[in-house]
Amino acid sequence: MNGELRCPLCGAGGTWAVQPPTCRDCHVPLTFFPSAARGVERPGAPGHWRYQALFPQAEPLSLGEGNTPLVPSARVGPELALEVVFKWEGANPTGSFKDRGASVLVSVLRELGARKLADDSSGNAGAALAAYAARAGLPARLFVPEGASPKKLAQIRAYGAHLVSVPGPRAAATEAVLAACAHEPQLVYASHNASPYFLAGLSSLAWETWEDLEHVLPDHVVVPVGGGGLLLGLYYGFSALRAWGVISSMPKLHAVQAAACAPIAEAWSAGVDHPVPVDAQPTVAEGIRVARPPRGQEILRALRASGGSALTLTEGEILEAQRELATKEGLYVEPTSATAMAALGKLKQSGAIPEGARVVIPLTGTGLKSG
Ligand SMILES: [Zn+2]
């Protein structure tokens, strides 16, 4: 299968399954670790499938995800005396980086015999899963929290997915999808937060960025964190490059959260290994409003191992960064994506990112479907 499933905390091995496999001892989702030193690139393969060696073995299902533009900062970077480049993930087929994960997840689940898929999502992951399920000819059921963006819901519906609106907090949508999958064994929980196959797809961002930068690593990558898939995908992607001897160091990864919902940043400040239980407040950064990230401990480990940090932002800071990206850079992103940019000045001020550093900011999703 191109690699193996292991517990990211204790290293215990796991078996391939359609439902997200977890560690019996640590009760956390398993992670996919690619085998060492296989053919790294497959020229001519569609989209990010040229990095197929990073993914569990499966027949590629592609809408052309990946190969997103790398856009140098015109104003914000120079103003801060930093070399900033944006990786424009809004250019993916459904408008967000989640397409990287969904393409691999649906490919692998199809290979393992799944016939019906379900997930809980506030929007972007749901849209990505619905699109790739449609492409694969598999029915999809999406459990969405009440109050999700109407434009994202319209997109999910357009792909023919069955939409289930769940009243109450975000966690209620997770409980609803778990209950549905328990009740209906044919229904597979295609979880973007827990499935190792989704996470494996996100690691292509690390490889692509390194290639875009002509094989020079960035010093820092600043990433919005909710479920933590993007940060972990980057971490494991760069880790695989290092394990295979392609690179010798790692960029520092910085996790950004809205102060309204910051279980990781609060744990980081408190110096503890587990996410801090929080009562999520409303935030414009709806895509990272995850009060209990299933991979929380894994995220904190990755932050420490990369030498990075975690920080929070106010609602005003996030909206100001969204405006700045549009007016100073010509990039219209959703508020969740703007958090990384909003964090940049703070990280510079605190000394976490020194003058002249090379910084990559993945802009996770388009602004066209926010609001
Ligand atoms: Zn374990």
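Within the range 251-298, how many residues turn out to be modelled with pLDDT under 95, within 19 Å of the chain's Cα centre (by Cα) and closer than 19 Å to E315 by Cα? Here the count works out to 9. If you filter the range 180-218 down to residues that are among the acidic types (D, E) and farther than 22 Å from Y236 by Cβ, you find that the one that is surrounded by the most Cβ atoms within 10 Å (Cβ to Cβ) is E184.
I'm trying to understand the selection: among the residues of the range 139-168, which are of a type outside the set (S, T, N, Q) and open to solvent by less than 20 Å² (accessible area, probe 1.4 Å)? Before the answer, list the steps.
Going residue by residue through the range 139-168, those that are of a type outside the set (S, T, N, Q) are 139-148, 150-154, 156-164, 166-168.
Once the filter is applied, which keeps residues that are of a type outside the set (S, T, N, Q) and open to solvent by less than 20 Å² (accessible area, probe 1.4 Å), the range 139-168 yields A140, L142, F143, V144, P145, A148, K152, I156, A161, V166.
Among the numbered conditions (1) assigned to a loop (DSSP other than H, G, I, E, B); (2) modelled with pLDDT of 95 or more, the only one that K369 does not meet is (2). Note on the range 1-77: enclosed strands (runs of 3 or more DSSP E) holding 2 or more residues that are within 16 Å of the ligand (Cβ to nearest atom) and of a type in the set (F, W, Y) are 31-34. Pairing each residue of the range 18-31 that is closer than 14 Å to L178 by Cβ and modelled with pLDDT of 95 or more with any residue that is near the ligand (Cβ under 9 Å from one of its atoms) and not hydrophobic (A, V, I, L, M, F, W, C), provided the two are 6+ apart or on different chains, yields C-beta distances under 7 Å for P29/T22. When the range 299-332 is limited to residues that are among the charged types (D, E, K, R) and more than 17 Å from the chain's Cα centre (by Cα), the one that is surrounded by the fewest Cβ atoms within 10 Å (Cβ to Cβ) turns out to be R323. Considering the range 239-260, the residues that are without any contact (Cβ under 8 Å) to a residue 40 or more places away in the chain and open to solvent by less than 40 Å² (accessible area, probe 1.4 Å) include one that is nearest to L9 (Cα to Cα), namely S239.
The values are calculated or read from the model by the stated rules, or taken from the named source; none is laboratory data. In this text the structure is predicted, and so the values were computed from the model without any measurement. Note that we place each Cβ from the backbone using ideal geometry, even for glycine, and neighbour counts take in every protein chain shown. For accessibility, only protein heavy atoms count, side chains too; no ligands or nucleic acids. Shrake-Rupley method; radii C 1.70, N 1.55, O 1.52, S 1.80 Å.
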